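Just so you know, all these numbers are worked out from the coordinates, no wet-lab data involved. The model shown is predicted, which means the values in this text are computed figures rather than measured ones. Cβ sites come from the backbone with ideal geometry, for glycine too, and all protein chains shown count toward neighbours.
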Amino acid sequence: MKVFVTGASGYVGFAAACALRRAGHAVYGMVRRKEAEVLLRRAEIHPVIATMQNPAGVYATIEQCSVLIHAAADYQTDTLKLDRQMMEVLLAIARRGAQPKTVIYTSGVWVYGDTDDELVDETTPLNPAQLVKNRPDIERLVLETPGIRGLVARPGCVYGGRGGLTGTWFSGAETGEVSIVGDGDNRWAMVHVEDLADAYLKLAESGLRGEVFDITDRSRATVNEMAAAAVIAARSKAKFRHLPLAEAQQSMGDFAACLALDQHVDARKAVRLLGWQPRHGGFVDGAETYYQAWKAWS
Ligand SMILES: NC(=O)c1ccc[n+]([C@@H]2O[C@H](COP(=O)([O-])OP(=O)(O)OC[C@H]3O[C@@H](n4cnc5c(N)ncnc54)[C@H](OP(=O)(O)O)[C@@H]3O)[C@@H](O)[C@H]2O)c1
């Protein structure tokens, strides 16, 4: 298959693009920086230069592809407004060229809001955190657009490789202070970056349409436990600083409330329908390995 990936230089998009390529597909990655071209070429991914603000340069490539994966995110602007705009572009072009097209939208588990101890799944009504309050609308747009195979991935917090949010624990370990929003007894739903990449591959090859999939592993460590594992892995004596949510909101805005979420998210639908299995047992299990990887990427 020919596959088009936005955000192909990013944490999620690069891993997804590599997994698709390793499975033998021809992969075209949208990147906005010349320097990212080398990263992609080394991984046998064809770079195509464009931005979400000005995507016209990739229309012809998109037309040729039968799978479109959206994993770009611009945190320097109104993130979800641009996210929706880009999805609208992809969905409009999806009716042209190779047919039918599978269009995969990357959402996230923050659309469930606080789940506390309740195990939620794709059938649970959503209660999105303020930061992602428009995400369910974008999900619906993808799922309900006729003539395409619209799919939604809701990954947990991604760990491994470059580190993503877990990298803030490693950088805190190195600078001597790890900041945690809230009391840290909350749990995040997690997924290893390569398990997530495998989920994109399975979604792309599934032939399914109109389905949402949670993509999380089964680990249930608290944020305190994961941050402590990160500090031990870095052989650091860093102190922990627990920021009350209201204080964190002053510097981080709506992002702070996402970090304080307590979540338990079930990914067994992906196991049942996609044959997907997370192969990594959680962040704490491999914290030393993840620290080394984070350092190598930093
Ligand atoms: N990471 C997680 O834990 C996690 C969990 C759940 C869901 N998600 C979702 O996954 C998606 C990707 O997240 P990520 O962690 O992979 O982010 P990331 O590492 O920051 O990657 C973002 C990608 O988007 C590209 N990009 C940024 N602004 C752009 C623009 N204006 N035009 C074109 N490309 C642009 C970046 O290019 P450059 O390389 O040039 O910056 C990069 O390739 C997001 O929607 C996020 O909400 C992530």
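Return yes or no: is Gly13 near the ligand (Cβ under 9 Å from one of its atoms) and within 25 Å of Gly97 (Cα to Cα)? Let's see the steps before the verdict.
Numbers: near the ligand (Cβ under 9 Å from one of its atoms): yes; within 25 Å of Gly97 (Cα to Cα): yes.
So Gly13 passes the test.
Just wondering, is there one or more residues in region 184-191 that are away from the ligand (no atom under 16 Å from the Cβ), β-branched (Val, Ile, Thr) and under 26 Å from Thr289 (Cα atoms)?
The answer is no, given that none of the residues of region 184-191 is away from the ligand (no atom under 16 Å from the Cβ), β-branched (Val, Ile, Thr) and under 26 Å from Thr289 (Cα atoms).
Scan (1) surrounded by 12 or more Cβ atoms within 10 Å (Cβ to Cβ); (2) more than 17 Å from Ser9 (Cα to Cα) for the single condition Asp78 breaks and write down its number.
(1)
So how many residues does region 90-145 have that are aliphatic (A, V, I, L, M), touching a residue at least 24 places away in the same chain (Cβ under 8 Å) and either more than 22 Å from Ala189 (Cβ to Cβ) or more than 14 Å from the ligand (Cβ to nearest atom) (or both)?
Selection size over region 90-145: 10.
If I ask for residues that are surrounded by fewer than 18 Cβ atoms within 10 Å (Cβ to Cβ), under 27 Å from Leu141 (Cβ atoms) and away from the ligand (no atom under 12 Å from the Cβ), which ones from region 27-75 would you list?
Ala56, Tyr59, Ala60, Glu63, Gln64
When you go through (1) in contact with a Phe, Trp or Tyr (Cβ under 6 Å, 6 or more places away or on another chain); (2) among the basic types (Lys, Arg); (3) within 13 Å of the ligand (Cβ to nearest atom) one by one for Arg154, which number turns out not to apply?
Arg154 satisfies all of (1) in contact with a Phe, Trp or Tyr (Cβ under 6 Å, 6 or more places away or on another chain); (2) among the basic types (Lys, Arg); (3) within 13 Å of the ligand (Cβ to nearest atom) except (1).
Within region 170-180, can you find the residues that are outside any strand (DSSP E or B) and hydrophobic (A, V, I, L, M, F, W, C)?
Those that are outside any strand (DSSP E or B) and hydrophobic (A, V, I, L, M, F, W, C): Phe170, Ala173.
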